[in-house]
Structure formats: structure tokens, C-alpha cells
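What follows is a single structure, written as C-alpha cells, with notes after it.
The values are calculated or read from the model by the stated rules, or taken from the named source; none is laboratory data. Being a predicted model, the structure only gives us computed values, none of them experimental. Virtual Cβ from ideal backbone geometry, glycine too; neighbours counted across all protein chains shown. The protein model used for the area step is the full one, side chains on, heavy atoms only, and it has no ligands, DNA or RNA in it. Shrake-Rupley method; radii C 1.70, N 1.55, O 1.52, S 1.80 Å.
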Amino acid sequence: RTFIICKGADSVIAEICTDFDAKAVEKVEQFSLEGLRTLCFAGRDIPENEFRLWHEKWLKAQNSFGPERKDLIDSAAKEIECELSFIGISGIEDRLQVGVPQAVSTLLRANIKIWILTGDRGETATNTAYLSRLLKPHHLLVNLLNPLTIAKDLLEIDTSGPGFVPIVSGSVFAQIFKDTALMDAFVPIALQARALIACRLSPLQKAQITQFVQDRLNKTTLAIGDGGNDVGMIQMAHVGVGINGLEGSQAARSADFSISKFRFLVKLLLVHGAWSFHRISRVILYTMYKNFILVLCQFWFAFVNGFSAQSAFSSFLLLLYNSVFSLAPPIIIGITDQYVTAPELIKHPQLYQFGQKGKFVRSSVNYLLF
């Protein structure tokens, strides 16, 4: 006897089930409104002859090579995953880690815009946003969940009003990425929105949205996740942060930085990020002065030696100068330079905006020119 069991989102299971009725939809919505992460199950008995024929196609698709391999595998999977009988629904409580609401509030005070990218239903993602203090009761939620009416919905959004948060489904994002006109209409909405909740996303769509923010919105992105579904997003972002938690270490191993708790992101960004930006700005200024001093000496010496290309210094002194003054100052700056102490940076997240506005780089250029 061969029995197939499939699990997935309700939108996926409903398409391959023959008896996914209104009662099942009602239960899924009920679980989502309670903040539970839902998963639907379906299955059916497969006759031996049917399974034997399908298994041959599956092995052929698995052993194939070239660009058509993925299409062959998808086609074989769709052939067996059809006419299933609905089994049931699971609802799992996904509790927030300790300190997540405080961390989100601190990041918002630092003028950092936060988007939630998840594969859960919109109701579950919205409840999570409220629990993490990303959403407040006075915020206006704008539902963009129907791909058939997305063109009309985008035109009706009032971007002048403060505090609106779009809730966008994965099917709507797929439609936006296909149509250049829809993408152009979505750009000002994404820029003006206080936050954004993207639900029912595939791992590929998470990476596509991250690339969209980088290319079309021209923003620096940081992606943080704790599961294998977040790997594409983490690798696509400018800075990837993986949480080494209950869902394994795949995200942490694929990231630039690995942390054990979400709340540690505050110190990583507001303290070490701000210190690093300030130190790099000072090192850029120092490098310019170091090179100017060396070159200007050679330049003025050229007037004395009749522009004969004779060097004012021996090769040993040039090597010593570049070695000592290229190695020691960056190390000293990296160890000692803390323009504001760590407790003050966390207490006043607004100080992070100095780096966002390029104050350190501009001040370095001003010191150099004047």
C-alpha cells in the first residue's frame, strides 16, 4: 500500500484537495486570528500501478541534467500531488523571544524601517507585528492581497497620510514583479509606508523583495532570519544576520553575523555598527593625509632636483613609512575610538542617524578641504 501525505499552506493545499470546504477555511482563519502558525495536511491512497509509473518519471527527472531538470521535477511532483483528501490543520503558537518588542521599538527610534517577510498568513503576521510593537492601534492597515485588483488598489492608497502599513501577499508581489507599471506605482508606496508586512512568501520571493529594496528604493538592507527559508534573503541583503535558534543553524551559517537572540541586534547595529562607521570615516581621512604628506614632499623636491625623478627618500624609508603608518594607526583607532559609549548609544538610538545622514564622512571631507 502506498499513501501520500502533503503539508503546506492552506492556499496551496486548497488547490490540490477535492474536499477543502468552507469549514476548513474557517478553522484556518480562526487559528490565524489567534496568532497561531497554521499548516494544512492532505493525502490519498495511490494504486500500485500508478505509483510504479510515476516513480519511473520521478527517477528520470531526478537524474536529468540541464536547465529543464527543475521543470521536470515540478511536473512529476504535480502529477502525484493531485486529487488529495483533506486530513486536518495544525496550529502552533510561535512565541516571541524575550526582548523582541523592546528591540523593535529601539530600532524604530533609530530611524530604521522594518519590513516583515514571512510565509505565514496575513492575520498571523499582523498579530506578530502588534506583539512586537511594530504596529500600533492608530496605524492604518492597507490590504493588498488580491492580485486581480492590485492595479486599482495601488491607485487608491493615500500616501500623504502618516502611519499607513501595507499588507502584501506573495501572489501580489509576483504580479508586481512581472509588470513594470505596477512596480513603478508601488515604489512611492513602499517609500512612504511606515512599515510593510509581506505574507505567504516563498524563499525566492523573500530574496526578490530584498533585491527590490536595494535596486528600486536605493536603500541599504539588513536581513535577519532563523530558518532555512531565510537563507536567500540573508545572502541577498547587504548585511545578513542569522539567529542560531530552535530552527537549526542553516541561517546562521549563511550569514555575515550570527547571534543567538533577536535583541542582540540592537547592540550589533547601534553600538558596533555606529562605532565601525565612525572609525572607517576617520581612517579614510587619515589615509588621505598620510598619502598627501608623502606625495607633497616628493612634489616640492622635484623643483629642487630639476624634475629629474630623483626620490627624496630611500626605498627603505618609503617602505618603513608605508608599513608603520599603514598598520599602527588603524589598529589604534579600531581599539580606542568610541566617540560615544555603548550605554549612551543604546539609551539614545537617535545618535545612529549621524551615520545614516553621512555626518561622519562629510565632517572628514570638511576637515580635509578646510
Model label zone, L155; criterion: amide N under 17 Å from point 7 Å along Cα-to-beta-carbon; scope the stretch 173-190
176, 179-189
Measure out, as a whole number of angstrom, how far apart the alpha-carbon centroids of the stretch 47-118 and the stretch 244-304 sit.
37 Å
Just the number, please: percent antiparallel of the DSSP beta bridges in the chain, rounded to the nearest 5.
45 percent
Report, to the nearest 10°, how far helix 180-192 tilts away from the longest principal axis of the Cα atoms in the chain, using its own Cα long axis and a range of 0 to 90°.
70 degrees
Express the carbon and sulfur contribution to the solvent-accessible surface of the chain as a percent, rounded to the nearest whole number, probe 1.4 angstrom.
59 percent
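Relative contact order of the chain, please, whole-number percent, based on alpha carbon pairs below 8 angstrom and at least 6 residues apart.
Working: 503 pairs, mean separation 46.1, N = 370.
Dividing the mean separation by the residue count of the chain yields 12 percent.
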Pairwise label distance in nanometres, L217 with E68, each label 7 Å out on the Cα-Cβ vector:
4.1 nm
FRET E, pair L53, E15, Förster distance 25 Å, beta-carbon r, rounded to 0.05:
0.60
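Keeping every protein chain present and rolling a 1.4 Å probe, give me the accessible area per residue for the chain in Å².
Value for the chain: 59 Å² per residue.
Between N291 and K178, what length in nm is gained on full extension when 0.36 nm per residue of separation is reduced by their alpha carbon distance?
Values: separation 113, 0.36 × 113 = 40.68 nm, distance 4.97 nm.
Roughly 35.7 nm would be gained on extension.
Taking the Cα centre of the chain as origin, sum charge times position over the Cβ atoms of Lys and Arg (+1) and Asp and Glu (-1), and report the length of that vector in debye to the nearest 20. Each step should come with its number before you reach the end.
Details: 36 positive and 33 negative charges, 378 e Å.
For this selection, approximately 1820 debye.
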Taking a 18 Å limit on the Cα-Cα distance, which of the listed pairs K136/K206; K7/K78; K152/K178; K113/K206 fall beyond it?
K136/K206
Quick check for you: which residues of the stretch 242-266 have the amide N under 13 Å from the point 7 Å beyond the Cα of Q235 toward its beta carbon?
250-256
Between [x] 5, 21, 28, 24, 14, 6, 2, 0; [y] 5, 19, 20, 9, 6, 10, 13, 11, 5, 1, 0; [z] 4, 16, 24, 21, 14, 10, 6, 3, 1, 0, which entry matches P(r) over Cα pairs in 10 Å bins from 0, in percent as derived from the coordinates of this structure?
[z]
Please give the calculated 222 nm ellipticity per residue for the chain, where each DSSP H segment of at least 4 residues contributes -39500 (n - 2.57) and the sum is spread over every residue; nearest 500 deg cm²/dmol?
-16000 deg cm²/dmol
Could you rank the peptides 112-121, 295-304 by their average count of other C-beta atoms within 10 Å per residue, with the highest value first?
112-121, 295-304
In whole Hz and in residue order, list the ³J(HN,Hα) couplings for the stretch 230-235 that follow from phi through the Karplus curve 6.51 cos²θ - 1.76 cosθ + 1.60, θ = phi - 60°; x for Gly and Pro.
9, 4, x, 5, 5, 6
Where is the GNM fluctuation largest for the chain (alpha-carbon springs, 10 angstrom cutoff): S85, S308, S169?
S308
